[in-house]
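This report refers to the structure that appears directly beneath it.
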Amino acid sequence: MNAFKRLAEVMLEKYGISVPLSEVGMESVTLFKEEFDEDLVPAGIVDHLEGPIETESASYIDEKGDEHLVILVETDSVDPYEVWLLNGEVISNECGFDDDVH
């Protein structure tokens, strides 16, 4: 997983913003499935997993003051499960985006 790389890719593709590493906050957290907020990660995504689950996040605040946050959740599939938030509100789960965001 590489949350910074994914954040940088999407910010450039969707918003035309080049995100420097020095302006990104990053965090890795290990959680048990019972600890996930179902508003962010539906139970069906992690129910089959045993033991601790790795997550990685990256956040960037743009020049307008909007915070863009991606959370990657390791699910034992090829690609991690993605959750995207804008100013604390979920705008996309998995990897699609609503067309009316910004």
Query - Label corresponding to Rg and Dmax of the Cα atoms in Å when calculated from the structure given, among (i) 13.5, 41; (ii) 12.3, 37; (iii) 28.6, 93 - result: (i)
Query raised in the report: In what sequence, largest accessible area first, do K64, K14, K5 appear using a 1.4 Å probe?
Result: K64, K5, K14
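The values are calculated or read from the model by the stated rules, or taken from the named source; none is laboratory data. Owing to the predicted nature of the structure, the values given are computational and were not obtained by experimental measurement. Note: areas computed on protein heavy atoms with side chains; ligands, DNA, RNA excluded. Shrake-Rupley method; radii C 1.70, N 1.55, O 1.52, S 1.80 Å.
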